[in-house]
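Report on one structure; see the data block that follows.
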Amino acid sequence: MTDTVQRDELVERLFTAGITMGEVLTVYLGDVLGLYRALSTRGPMTPAELASATDIYERYAREWLEQQAAAGLLTVEDPAHPEDERRYALPAGHAEPLLDPESAYSIAPFLKSFVAISGAMPQLLEAFRSGGPVSWAAYGRDMIEAQGDFNRPWLLASLGTEYLPSIPDLHERLSNDGSRVADVACGVGWAAISLAKAYPNISVDGFDLDEPSIELAKANAAEAGLSDRVTFTAGDAADMAVEETYDLATVVESIHDMSQPVAVMRSIRRMLKPGGTCSWPTSAPRTRSRRRPARPSACSTRTASCAACRRAWRTRPRPGRARSCGGRRSSATRRRPGSTASRCCRSSTTSCGSTGSTVSRRNPDRTDPTGGGRARHAGVRC
Ligand SMILES: C[S@@+](CC[C@H](N)C(=O)[O-])C[C@H]1O[C@@H](n2cnc3c(N)ncnc32)[C@H](O)[C@@H]1O
């Protein structure tokens, strides 16, 4: 390939990326301001009607509607009319990805996470220069919500109903009265909620460094009517003073975020009852492949690792730093010594939700009906 062909291809590609980034920002506006929701529930609207329904400024509503129509995200019912009188509609097929947080096709949280990363750019620039940390708080509430909603579909659809039941001895143990589960680095609580829903006799305690995440997790558990069996506590999992208490500890997509993963895993080992199990399910794609350019899912994982996952690194440096999430997949289930070994989950599958199709954990790119959508989700989740 000649230099000029390379140049032209790069310019075209990054120009398209810039346009797409602009669309990400405007989708964020429509998501957070409730514009898509209003169009979905009330039907096609003029700018004035949308502005009135969502309490935003009419001129900006018109700008947004025109941009969304130009991008093909909305349709215009009567393009020949003057701008003020045109009605804009949300196509039926666009409602689920933009508005249903429990759908396997939910895409708004993925986009929201990039907006959150953009907001943390000053801190990221400083961290790249100094080698210092970028705290989770720097990414703001958008990132907490995006992370939670990103994992929510597969956690609610699969963790307690498919993933853990595929490990028979663990499933049997959780089906017993009084079993206790710790969800370490629980975020906003969807794994704990999924487990408590699936196993009505267990209680689940979630732990996370991030206090705003814990507050949101408590609200989510209350809304699910599970506050009596699901608790959440803010704190460093490496410092847990709990011993031989839990039958199962889960760590969902968090180990590579930690500044001290070995200390956390030691702490988990102490927390487990003899014969207890630690499971760290993840839908993160396998990225050991040296294929370059990498597949979209691997690119997404690398981007997340570069711009977001470093947040906890070096905030509390200890031996045993986590790997880059592009470095090696970490999905396994381990038993505390003294019991028969539990199955490693590497060959299990993660449901892709409402379609009933599955994403192979060995190669998410191959079978994902969204063309790698869940796998891309998995990347930003890290
Ligand atoms: C990528 S998020 C995953 C959250 C949740 N498990 C999920 O799947 O949505 C990683 C989480 O790890 C938490 N975390 C990192 N280090 C931790 C530590 N030492 N103790 C407790 N939580 C920690 C962060 O605060 C963050 O909420």
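Throughout, read-outs are computed from the coordinates displayed, never taken from laboratory work. Note that this is a predicted model, so its numbers are computed, not measured. In this analysis, Cβ positions are derived from the backbone assuming ideal geometry, glycine residues included, and neighbour counts consider all displayed protein chains.
Let's see how each residue does on (1) in contact (Cβ under 8 Å) with a residue 60 or more places away in the chain; (2) of a type in the set (D, E, K, R):
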residue: GLU172; (1), (2): no, yes
residue: PRO200; (1), (2): no, no
residue: GLU211; (1), (2): no, yes
residue: ALA219; (1), (2): no, no
residue: GLU243; (1), (2): no, yes
residue: LEU248; (1), (2): yes, no
residue: ILE255; (1), (2): yes, no
residue: ALA263; (1), (2): no, no
residue: LEU272; (1), (2): yes, no
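Hey, could you check segment 144-181 for residues that are within 11 Å of the ligand (Cβ to nearest atom) and among the aliphatic types (A, V, I, L, M) and say which is nearest to SER213 (Cα to Cα)? Ranking the candidates gives ILE144 first. Given the structure, is GLU49 surrounded by fewer than 16 Cβ atoms within 10 Å (Cβ to Cβ) and either within 21 Å of THR20 (Cβ to Cβ) or not hydroxyl-bearing (Ser, Thr, Tyr) (or both)? Here the answer is no, as GLU49 does not meet what is asked.
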